[in-house]
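The block underneath contains the structure these notes are about, expressed in structure tokens.
The values are calculated or read from the model by the stated rules, or taken from the named source; none is laboratory data. This structure is a prediction, so every number in the text was calculated from the model and none was measured. For neighbour counting, all protein chains shown are included, and Cβ atoms are generated from backbone atoms with ideal geometry for every residue, glycine included.
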Amino acid sequence: MQVSQIAQVPPPRVKPTAMVDEAVQAMQNARGGAVVITDQGRPAGMFTERDVLLRVVAASKDPETTLVREVMTSSIESISADTDAIRALEMMVSRHIRHLPVVDGEGKLVGLVSMRNILLNYLDVLRGGIEKGTGH
């Protein structure tokens, strides 16, 4: 299965000039734990629940006046929409990340896949196999 089939589309996103509280609101609206920071439609960073805790709360920064670009993770990985979900999961595990922006052939953001998306999908597959007597 390709990540494009299980990715969150449209992905939650904000611009680097957004305030932290806007990014948190985007996460909340998407019911997820991360938002992609985009510049001209391309991923420029990620802002996650962990960033909120460590870079905002622990650093005593004001979410209403702190730019997300000041506290985002800027060194990020992305994957193409046709990447196999298992390959994406392997990449996440080996690099200790939980969210990957999904990009098209031009590097434009088209989705966001999380470790949870992938695991829930394969859990459904396993359940289906067990119910049909083909799983382990």
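Taken over region 50-107, the criterion of being charged (D, E, K, R) and more than 17 Å from ILE37 (Cβ to Cβ) is satisfied by ASP62, GLU64, ASP82, ASP84, ARG87, GLU90, ARG95, ASP104, GLU106.
The lone criterion from (1) over 24 Å from ILE118 (Cβ atoms); (2) surrounded by fewer than 20 Cβ atoms within 10 Å (Cβ to Cβ) left unmet by VAL20 is number (2).
Do we have GLN8 as farther than 23 Å from THR65 by Cα and touching a strand residue (DSSP E or B) at 6+ places or on another chain (Cβ under 6 Å) here? Judged against the criteria, GLN8 is a match.
The rows are residues; the columns are (1) touching a strand residue (DSSP E or B) at 6+ places or on another chain (Cβ under 7 Å); (2) surrounded by fewer than 14 Cβ atoms within 10 Å (Cβ to Cβ).
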| position | (1), (2) |
| --- | --- |
| VAL35 | yes, no |
| ASP39 | no, yes |
| PRO43 | yes, no |
| VAL52 | no, no |
| LEU67 | yes, no |
| GLU70 | no, yes |
| SER75 | no, yes |
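The number of residues in region 54-65 that are touching a residue at least 40 places away in the same chain (Cβ under 8 Å), exposed (fewer than 14 other Cβ atoms within 10 Å of the Cβ) and within 23 Å of the chain's Cα centre (by Cα) comes to 1. Would region 43-53 turn up any residue that is in contact (Cβ under 8 Å) with a residue 60 or more places away in the chain and in contact with a Gly (Cβ under 9 Å, 6 or more places away or on another chain)? There is at least one residue in region 43-53 that is in contact (Cβ under 8 Å) with a residue 60 or more places away in the chain and in contact with a Gly (Cβ under 9 Å, 6 or more places away or on another chain). Is it true that some residue in region 81-97 is of a type in the set (Gly, Ala, Ser), touching a helix residue (DSSP H, G or I) at 6+ places or on another chain (Cβ under 9 Å), touching a residue at least 24 places away in the same chain (Cβ under 8 Å) and surrounded by fewer than 16 Cβ atoms within 10 Å (Cβ to Cβ)? The answer is no; no qualifying residue exists. Within region 118-128, does at least one residue satisfy the condition of being buried (at least 20 other Cβ atoms within 10 Å of the Cβ) and at pLDDT 95 or above? There is no residue in region 118-128 that is buried (at least 20 other Cβ atoms within 10 Å of the Cβ) and at pLDDT 95 or above. Tell me which residues, restricted to region 56-80, are touching a helix residue (DSSP H, G or I) at 6+ places or on another chain (Cβ under 7 Å) and either β-branched (Val, Ile, Thr) or modelled with pLDDT under 95 (or both). Matches in region 56-80: VAL56, THR66, VAL68, VAL71, THR73, GLU77, ILE79.
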